[in-house]
Each structure stands twice: as C-alpha cells, then as structure tokens.
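What follows is a single structure, written as structure tokens, with notes after it.
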Amino acid sequence: MVWIVGIGMDGIKTLTAEARDVIESADILVGAERILKPFENSGKMIFREYLPERIAEFINNHSGSKTAVLMSGDCGFFSGAKKLSSLVGDCRIICGISTPVYFCSRIGVSWENMKFISLHGRHNNIAVNVVRNEYCFFLLGGETTPADICRRLIAYGLPDVEVYIGENFCSENERVLSGKPSDFTEIATDRLCAVIVRNENYLKCIPSGIDDGDFIRDKVPMTKAEIRAIVISKLNVSEKSICWDIGCGTGSVSVEMALRCPEGAVYCFDRKEDALRLTNINTSRFSCDNVHLYKCVFPEDVPSGIPVPDCVFIGGSSGKLSDIVSYVRKLNPYAEIVLTAVSLETVSECLEFSAEIIQAAVTRTHKTGSYTMMSAENPVFIVRLKKCAE
C-alpha cells in the first residue's frame, strides 16, 4: 500500500492525526531530506529522494511494503503528489496543512478569494496578478526573493500595496513581517518563504477600450479606444494565452492583452526604438510585467526561443503582411490573428486570405462654444483571419 502524506509545515506541530497514524503504521518513509528530518529516529526504513520518477521506481521495487511518501504542506497545493500519483497508480492521498492556510492564520486574513502563484523554482508574473486581485499569495523557493517582488511592485506602479513576508514557519526562527514594498527592497530571507500582497485598489473588472488619454503617446501611432475594444473582442485572449503584438506602437493593445493573460505573456515586436520605449512606459503604467519587448524587423530577424502564440495582433506590417501571416501560421495554424487597416491597399491584400472584415467608423462629440458638434475619426478596417479549423 502507498500513501502520499502532506505533513504540514514541520511534520510535528502541524501534522494531522490521520497523517500521524499513517506514518506510524508505515514500513518505509520516503521524501526529501528536509522533510524526513523529524522522522529520522522512527526506526523505519528511510529513503531520501524528491524526484517523482525515482520515488516511483523505488516503490515498484518494494511493492510488498507499506510506504508513506511525505510531502511538505498539503498534497494538493503546488505539490509533487500530482505527478507521483500518476506514476505509482493505486495510492491514497492524505491532506495536510498548506503554507497559505498557515500563513493566513498568522496574519488574520481569509484565503478563499486569494490568487495563488508559485515562484518555487520558476519565474512568473507578479505585478499584473497584484493589479488584478485584492490578495495574491506567492510561494517562493527559486531565484525570486521577497526583495525582488517588492522592487518589481514599485517599478510597475504599485508602491502602496500591503506586503506580508513569512519564513521558517513553525521553527524557532519563524518570522512574519508586514509593511510597504519600500520597506523590504533589500531584505534578506530564507530561500523557502512566502509573500502575501494585498491591493485594495485592484481592478474590479478588466478594462476594455481604455481611454486614449491614459496612454503616453508622443508622435507614435496608436490604436484608438473603440477600435481596440473590437480588436480585443476578436482575439479571445485567455488567462494563459501567449500573445504577440507585431508593430506594437504605443503598446495600447499590448496592455489590454496583458491584463487578460496574467498567467500568460505578451511579446511585442517593433523596429522603432520610440515605439518600444513607449510600450515599455505604458505597460509599466498599467502594472503589466508579463510583457516582453523585442526590436526587430518582423519576420526576418525574430529572436529564437519565443513561445508559440495563441493570439496575434498585427498593428503594422510594413508591407509584409503575407510573410507575417505565413510565419505565424507555420508556428500555430490555429492562432487567432487580428489586424487593423486604414488603407484600401492593405484591405485588398487581406482578401488573399479567408477573413472576416468589418469597418468601424467612430464619431465623437466636442464642444464649440455653446454647441455640441460631431467630429468623425477616419474609418478603420478590423480583419480577423480565419483559423485552419474554421
């Protein structure tokens, strides 16, 4: 019989009664060295290992024994239990007290509406999640530190959020701190720790067609608010989407995509330094740290290693529309591709593809003396290219 057991924070004070009974009845205890430390003098066979494949191999070689694989925290929270259970087949999972449950009890907040982000051995988006949620829990353990998180929050326009840092839970060295990001930009902590961020001014809804005046524009062309709203509706960006903005200009579309994919990323391409500079400014203003900028002529010198896109906006093609579409379609035949056009020549080029084409004409009011007059914007064509499956 195989049990996968969550031992809580320390395997002693936060060990549940059920977990204790399973551990006492087991013949063999398996887990990482840190996790097995409280049970070294149990008199049981100990196998120190944390890689699921090696643990599964060991279990298969000891199939007649009662084996308990010990996992820190809870087996259902960013745990190796998911992969291990698929490798060993028949097993029983015993839940434990997870890090956020313990941490939240220490600072006196509830956790049911919290956004959970793991930075344990990986990079992830920080500011964009904070701007979208009142509470964010960050599980650390890799290269990212609490000081890194606080510096990122300040850099992306979130200096006034509340930050809680917890480390060494249930040990003599347990430490829980609270303050503003500026209080912790140089703090040194244990590698295994956690951060909770509270943002009272989080976005209550995802904005669509953000006001043009909210962007820094200079003299770089920008997709206007009403057109942008239609474009975003056609792109169908999801939480985990990988988005490309080709000819990003001021980055207004990049911002709206980035706010919709806090677990994904937006990759912006432009050949002009001014465009990339403005995109960087605007994405920072909106706390979008999931945006990556590349100066290149598309598609000739696109850097290697960029993830395959799910959603692509073409804001400027420099006369290379066919080449761009061909490049994207080779990577992902099912990617959403949307572009805007203001000239009939570009629209004519779009007719080479299977496409849905609409024209939007926006007229705004403005005051002239005591009268309200109408002022028309230039009509814009919005083109959504049909996917291969359509």
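The values are calculated or read from the model by the stated rules, or taken from the named source; none is laboratory data. None of the values given here were measured: they were computed from a predicted structure. Note that each Cβ is placed from the backbone with ideal geometry, even for glycine, and that neighbours are counted across all protein chains shown.
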Restricting the range 74-117 to residues that are assigned by TED's automatic domain parsing to the domain that holds Ile154 and more than 18 Å from Gly8 (Cβ to Cβ), the one surrounded by the most Cβ atoms within 10 Å (Cβ to Cβ) turns out to be Ile117
Residue check, Glu112 of a type in the set (Asp, Glu), modelled with pLDDT of 95 or more and either touching a strand residue (DSSP E or B) at 6+ places or on another chain (Cβ under 6 Å) or over 30 Å from Asp27 (Cβ atoms) (or both): no
With the condition kept exactly as written, say whether any residue in the range 279-296 is surrounded by 24 or more Cβ atoms within 10 Å (Cβ to Cβ), free of Cβ contacts under 8 Å to residues at least 60 places away in the same chain, touching a strand residue (DSSP E or B) at 6+ places or on another chain (Cβ under 6 Å) and closer than 28 Å to Phe116 by Cβ. yes
Those residues that are of a type outside the set (A, V, I, L, M, F, W, C), touching a residue at least 24 places away in the same chain (Cβ under 8 Å) and surrounded by fewer than 20 Cβ atoms within 10 Å (Cβ to Cβ), I need them from the range 298-315; list them, please. Pro299, Pro307
Could you list, in sequence order, all residues of the range 153-172 that are surrounded by fewer than 19 Cβ atoms within 10 Å (Cβ to Cβ) and within 20 Å of Pro100 (Cβ to Cβ)? Glu162, Asn168, Cys170, Ser171
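With of a type in the set (A, V, I, L, M) and at pLDDT below 95 as the only criterion, which of Val338, Val291, Val342, Val308 stands out?
Val342
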When restricted to Cys268, Cys248, the only residue part of a loop (DSSP other than H, G, I, E, B) and either modelled with pLDDT under 95 or over 13 Å from the mean Cα position of the chain (by Cα) (or both) is Cys248
What tally of residues in the range 281-334 results from selecting those that are farther than 17 Å from Val255 by Cβ and of a type in the set (S, T, N, Q)? 6
Flag for Leu259 being under 27 Å from Ile117 (Cβ atoms) and touching a residue at least 60 places away in the same chain (Cβ under 8 Å): yes
Unique match (being of a type in the set (Lys, Arg), touching a residue at least 60 places away in the same chain (Cβ under 8 Å), out of contact with any strand residue (DSSP E or B) (no Cβ under 7 Å at 6 or more places or on another chain) and in a loop (DSSP other than H, G, I, E, B)) among Arg191, Arg217: Arg217
Scanning the range 194-214 residue by residue, the ones that are more than 29 Å from Phe103 (Cα to Cα) and part of a strand (DSSP E or B) total 0
Count of residues meeting criterion [among the charged types (D, E, K, R) and in contact with an Asp or Glu (Cβ under 8 Å, 6 or more places away or on another chain)] in the range 253-284: 3
Hits in the range 126-144 - residues which are surrounded by fewer than 22 Cβ atoms within 10 Å (Cβ to Cβ) and either among the small types (Gly, Ala, Ser) or modelled with pLDDT under 95 (or both): Gly141, Gly142, Glu143, Thr144
Condition check: surrounded by 13 or more Cβ atoms within 10 Å (Cβ to Cβ), within 33 Å of the chain's Cα centre (by Cα) and not β-branched (Val, Ile, Thr). Does Ser65 satisfy that? no
State whether one or more residues within the range 168-177 are in a helix (DSSP H, G or I) and free of Cβ contacts under 8 Å to residues at least 24 places away in the same chain. no
Taking Gly209 as the residue in question, decide whether it is closer than 14 Å to Phe286 by Cα and either touching a Leu at 6+ places or on another chain (Cβ under 8 Å) or loosely packed, with under 13 Cβ neighbours inside 10 Å (or both). no
Count of residues meeting criterion [under 23 Å from Arg260 (Cβ atoms) and in contact (Cβ under 8 Å) with a residue 24 or more places away in the chain] in the range 330-344: 9
Of the residues Ile246, Ile230, Ile206, Ile210, only one is farther than 18 Å from Asn290 by Cβ and of a type in the set (A, V, I, L, M, F, W, C); which? Ile230
Of all the residues that make up the range 351-390, how many are at pLDDT 85 or above, under 32 Å from the mean Cα position of the chain (by Cα) and among the small types (Gly, Ala, Ser)? 1
